[in-house]
1. Conditions: (1) under 13 Å from the mean Cα position of the chain (by Cα); (2) more than 14 Å from DNA strand D (Cβ to nearest atom). Residue B:46 meets all but one. Number of the miss?
2. Could you tell me which of the residues A:55, A:43, A:23, A:27 is closer than 29 Å to residue A:91 by Cα, within 12 Å of DNA strand C (Cβ to nearest atom) and in contact (Cβ under 8 Å) with a residue 24 or more places away in the chain?
3. Which of the residues that make up the stretch B:26-43 are more than 14 Å from DNA strand D (Cβ to nearest atom) and over 24 Å from residue B:101 (Cα atoms)?
4. Tell me which residues, restricted to the stretch A:120-134, are farther than 30 Å from residue B:128 by Cβ and facing another protein chain (nearest Cβ under 7 Å).
DNA sequence: GTTCGTGCAAACGGTTTGCAACAAT
DNA sequence: ATTGTTGCAAACCGTTTGCACGAAC
């Protein structure tokens, strides 16, 4: 994994700007599954004048460039994930926190081929709450 | 499965009305995974004056009553499914059609318990396109 | 007569877009 | 000079809500 955001963006043919770098520095290396608002707030610490529109546009740019994954974790809740390797997601219904679940947690046989379909994408979204530990 | 919508609604304590019955007759027995608009169009054939708001309210009522499942099949795409038994969904990226995939298609071990969580819900949404048949 | 269903239009919230200004090439 | 990035506000789209009316209880 490349930890130099400038190089990453340039490698995808994305022109650099201070705002884009700031967004990249946050969103490409976080494991917190941030929403657009999370990204906006984080970047605002360095660039108080950045607009929501720019954050939206930049995130879309990164998704289109294959740097980010959009994950639909709820009715009106989209979250971004820089981890593009196949994995699942578990949403804590109490806190809203999104957890990564390793792909191997489930045995999904013949995922590329289900009933005559070529599966291009598979999103498993689970919801649950932390179990009480019996003492 | 009860094929008398009046009885189904009454059993859930939902008061009957012509509009509700019309919505129920369509949405509780279809396998087409209709969107709100699909339901609206279908019911309009019998009740041309029914409003979108009533369709929305009625569908929400049915979901809350446990008669329907809301399925998030895309960014701005919600469909309704009267099949409440656990199963997965596969969306044809070319046609938008939603297919049911039997729960047993995947071996999902210990679904109730993943990494200290009690899983209450699990939605698997796949996207793909029909494979060309090699002749 | 109180409750509940309905239609209408307005409000809502997340996202996109058109435009003008400006920066980079 | 041309192209690309940004902020702003308006538009957009699916959904919800407030209100007034009328029907059901």
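Rule-based calculations on the coordinates, nothing more; no lab input. Quick caveat: nothing in here was measured; it's all calculated off a predicted structure. Note: ideal-geometry Cβ built from the backbone for every residue, glycine included; neighbour counts use all protein chains shown.
1. (1) is the only condition that residue B:46 fails.
2. Matching residue, one of A:55, A:43, A:23, A:27: A:55.
3. The first filter runs over the stretch B:26-43 and keeps only residues more than 14 Å from DNA strand D (Cβ to nearest atom), leaving B:26, B:28-32, B:42-43.
Passing the criteria: B:42, B:43.
4. Pass one, the stretch A:120-134, residues farther than 30 Å from residue B:128 by Cβ: A:129-134.
Matches in the stretch A:120-134: A:129, A:130, A:131.
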